[in-house]
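First up is the structure itself, then whatever we jot down about it.
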Amino acid sequence: MLDFFKLKKLSQLSVDRGTPITDIRFAVIDTELTGLNERKDGIISIGAVRMKGMRIDIGNTFHELIRPEKAFKAESVVIHQITPSDVVEKPSIDVVLADFLEFCGDDVLIGHCISIDLSFINREMKRIAGKTIQNPTIDTFRVYEWLRTRAGSRSCFSSPMKDSELYKIATCFGIPVQGAHDALFDAFITAQLFQRFLPVLSDVGVNCIGELLEIGNPEEGGDRVGPSSQITNF
């Protein structure tokens, strides 16, 4: 598996900042974790769905359960309902990450509070390949917060959420959700949320990917995500 990462070009990926958002290909991602401690917990599932501009390609998805080296926590099992017996015969993170990188290709990555997902993915990437994932990334929660200050007259932006929890925001936008968190299902919910944001972004003059990357930069928004909102991102 190390041969794949040696062959895979892991240089910094970039996009033409003037490219219309409608022409950009995205991979909307989500992970399920044994817990939120980066040193003690691990990834047990990765899900992704592809988008091209505003269109969600529901037939182009990635979803894998992972056999973690870290112990399960009871509170995380309650959230994602994945048990040790569900993953005992599943592939390791090394195998799944190679397949995940191949799926994402040069796409712009999107996730809700994506810095959490990336922190775990990049820990494994550094261990395996000595580098982090290089795709440009967008955090839908950062986009949501930015739009609240510019589209506040719209009902779902007028009242700030108490936290960044994906399901609560999605419900406000009329997106159906279910009880247990599932990486692919949550990626699909995130894709629908992003889909709802795009017309509003266009209305306030954001039409190019360069502007959207600045608005949704997860590195600038990490301190806005509190523990109460992160807990359901297992």
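Applying the Karplus relation 6.51 cos²θ - 1.76 cosθ + 1.60 with θ = phi - 60° to segment 64-70 yields 3J(HN,Hα) values of 9, 7, 10, 7, x, 8, 9 Hz, where x marks Gly and Pro.
Separation of segment 44-59 and segment 181-219, taken as the distance between their Cα centroids, equals 12 angstrom. Each Lys or Arg adds one and each Asp or Glu subtracts one; over the other residues with Cβ under 12 Å from the Cβ of Phe173, this totals +3.
Could you give me D for segment 52-201, from Stokes-Einstein at 25 °C and 0.890 mPa s, where the hydrodynamic radius is the Kirkwood radius over C-alpha pairs? Units µm² s⁻¹, please. Value of D from the Cα-based Kirkwood radius: 144 µm²/s.
Each reported figure results from applying straightforward, stated rules to the coordinates on display, with no laboratory input. Remember, it's a predicted structure, so these values are computed and weren't measured experimentally. In this analysis, Cβ positions are derived from the backbone assuming ideal geometry, glycine residues included, and neighbour counts consider all displayed protein chains.
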